[in-house]
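Structure, as structure tokens:
What follows is calculated from the coordinates using simple rules that are stated; it is not laboratory data. Note that the structure is predicted; figures quoted are calculated from it, not measured. Note that each Cβ is placed from the backbone with ideal geometry, even for glycine, and that neighbours are counted across all protein chains shown.
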Amino acid sequence: MINHTAVTVLGLGDMGSAIGHALLGHGLTTTVWNRTRDKAEPLIAAGALLAPSPAAAVAASPVTVICVSDYAATQEILGTPAAADAIRDRVLVQLTTGTPQDARQASDWAMSNGARYVDGGILAWPRQMGGDSATVVVSGRGEDLAEARPILAAAAGNVLHIGEPIAGASALFAAILAYLAGRWIGFSHGALICETEGLDVVGFGTLLADMAPVLAQDDRHMGEVVGHDRYDAPESALRTAGTDIAKLVRHAEQTGISGDFPRFAADLFGRAIEAGHGAEEHVALLKVLRCAQPIAS
Ligand code: NAP
């Protein structure tokens, strides 16, 4: 009989604590452990049970959720004989950010110790956990996820199962993180331009938010262009964007703000143009990113 009302959380940093509070908020009996004990206090005050060791924490529940800085920390926490023994016949849900290779190795380790394993990535801020706006992408066997799903659903309203191959969720997470990294850097540079030229940065953010539906169409379009290999006949060519982006380098030089991001972007577009992709869709940049040396297709 599966006990969906008990769960263990290992790791009580910003995200692990948010997960713990979300699980308690959904009425689950929640056992917690953290290397630095003090961080458990708010959860204990909210009704969580503190375990004296990772092994005791794992033994307390059929499902353990771990959310720490990296997979090396997971290995440190669970790598003792006592913890490895406690994990047998239980489900381990890894919500630590890692690489696909990390996920495969953690899965191998869990299975070699008789555990079932679900790997996931959290697409949310800590304050969103427990609500419908929080998404967790997970991969692993359907039967293992079935056992963990009620717990994951309490932690995040939207649980997206990518499929059985264990590295799928971390691969998707990495792809999304790459996208976000570009967005964060782009916003920061754009905000600097606003600051330098006396424009309101709050208004800049609001304008971008208002443009979100249009930007979303561009994302969908880029996916279709790459997925169906349809780079020709763009509405706006890569060369046009590349020429405009080169002007950002000039603007940085004129104003004294950092030219790091514009130079990087202009170099990439320049390489794509040189490689013969100037008349194609912007996302043809991917063709020069695929290989160390730019080549024309
Ligand atoms: P955090 O606040 O820095 O907490 C890190 C946690 O890892 C702490 O519990 C820390 O324990 C533990 N830890 C680190 N090294 C350890 C070791 N060697 N042994 C034992 N415990 C160790 O980070 P976080 O924000 O909670 O993030 C945790 C994971 O969630 C990361 O993989 C992150 O990418 C992911 N995530 C976070 C967010 C976010 O907005 N915060 C969003 C999406 C995904 P101590 O307290 O003892 O230091």
Q | Positive-end extreme of charge dipole, the chain - chosen from T8, V225, C67 (charges on Cβ) | A | T8
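Calculate, for M211 and D38, the FRET efficiency according to 1/(1 + (r/R0)^6) with r their C-beta to C-beta distance and R0 30 Å; round to the nearest 0.05.
Numbers: r = 44 Å, r/R0 = 1.46.
Calculated value: 0.10.
Which value results for Rg/Rh of the range 142-258 when Rg is the Cα radius of gyration and Rh the Kirkwood radius based on the inverse mean 1/r? Write out the running numbers ahead of the final one.
On the way: Rg = 19.8 Å, Rh = 18.2 Å.
Ratio of gyration radius to Kirkwood radius for the range 142-258: 1.09.
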(Q) Compute a Gaussian network model of the chain, connecting alpha carbons closer than 10 Å, and tell me which residue from L238, L12, L49 fluctuates the most. (A) L238
Q) What Kirkwood hydrodynamic radius, in Å, does the chain give when the mean of 1/r is taken over all pairs of distinct Cα atoms and then inverted? A) 21.7
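So what is the relative contact order for the range 183-278, in percent, with contacts set as C-alpha pairs under 8 Å and at least six apart?
Details: 45 pairs, mean separation 25.3, N = 96.
In percent, rounded to a whole number, it is 26.
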Q. Once both axes come from the Cα atoms, what is the angle between helix 142-155 and the longest principal axis of the chain, in degrees from 0 to 90, rounded to 10?
A. 80
Q. Helix 100-112 versus the longest principal axis of the chain: what angle, 0 to 90°, nearest 10, using Cα atoms?
A. 20
Q: Work out, step by step, the length gained on full extension between S133 and R290: first 0.36 nm times the residue separation, then minus their alpha carbon distance; give nm to one decimal.
A: 53.2 nm
Q) For helix 168-196, what angle does its Cα long axis make with the longest principal axis of the chain, in degrees from 0 to 90 and rounded to 10? A) 50
**Q.** Where only alpha carbons of the range 71-135 are counted, the Rg and the Dmax (Å)
**A.** 13.1, 38
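Summarise the long-distance tail of P(r) for the range 23-85 by giving the % of C-alpha pairs beyond 19 Å.
Numbers: 565 of 1953 pairs.
Here the long-distance tail beyond 19 Å is 29 percent of all Cα pairs in the range 23-85.
For n ≥ 4 DSSP H runs only, could you compute -39500 (n - 2.57) per run for the chain, divide by its residues and tell me the 222 nm figure to the nearest 500?
Details: 13 runs with 155 residues, N = 297.
The helix contribution divided over the chain gives -16000 deg cm²/dmol.
What relative contact order, as a whole-number percentage, does the chain give when Cα pairs under 8 Å and 6 or more residues apart are counted?
Values: 497 pairs, mean separation 34.8, N = 297.
Here the relative contact order equals 12 percent.
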Q) In whole Å, what three semi-axes, largest first, describe the equivalent ellipsoid of the range 22-178 built from its Cα gyration tensor (square root of 5 times each eigenvalue)? A) 22, 20, 14
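In what sequence do C194, C67, C291 fall when counting other Cβ within 10 Å, fewest first?
Details: C194 16, C67 26, C291 9.
Going from sparsest to densest Cβ surroundings: C291, C194, C67.
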**Q.** the chain: most fluctuating residue of L208, L192, L160 per GNM, C-alpha cutoff 10 Å
**A.** L208
Q) Dipole magnitude of the chain about its Cα centre, charges +1 at Lys/Arg Cβ and -1 at Asp/Glu Cβ only, in debye to the nearest 20? A) 540
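Taking 0.36 nm per residue of separation and subtracting the Cα-Cα distance, what length does fully extending L192 through R220 add? Write down the numbers at each step before the final one.
Values: separation 28, 0.36 × 28 = 10.08 nm, distance 2.83 nm.
Computed gain between L192 and R220 is 7.2 nm.
Nearest 20 debye, what's the magnitude of the dipole of the range 151-232 about its Cα centre given +1 on Lys and Arg Cβ and -1 on Asp and Glu Cβ? Present the calculation step by step, with values, prior to reporting the outcome.
Values: 3 positive and 10 negative charges, 55 e Å.
With only Lys, Arg, Asp and Glu charged at Cβ, the dipole is about 260 debye.
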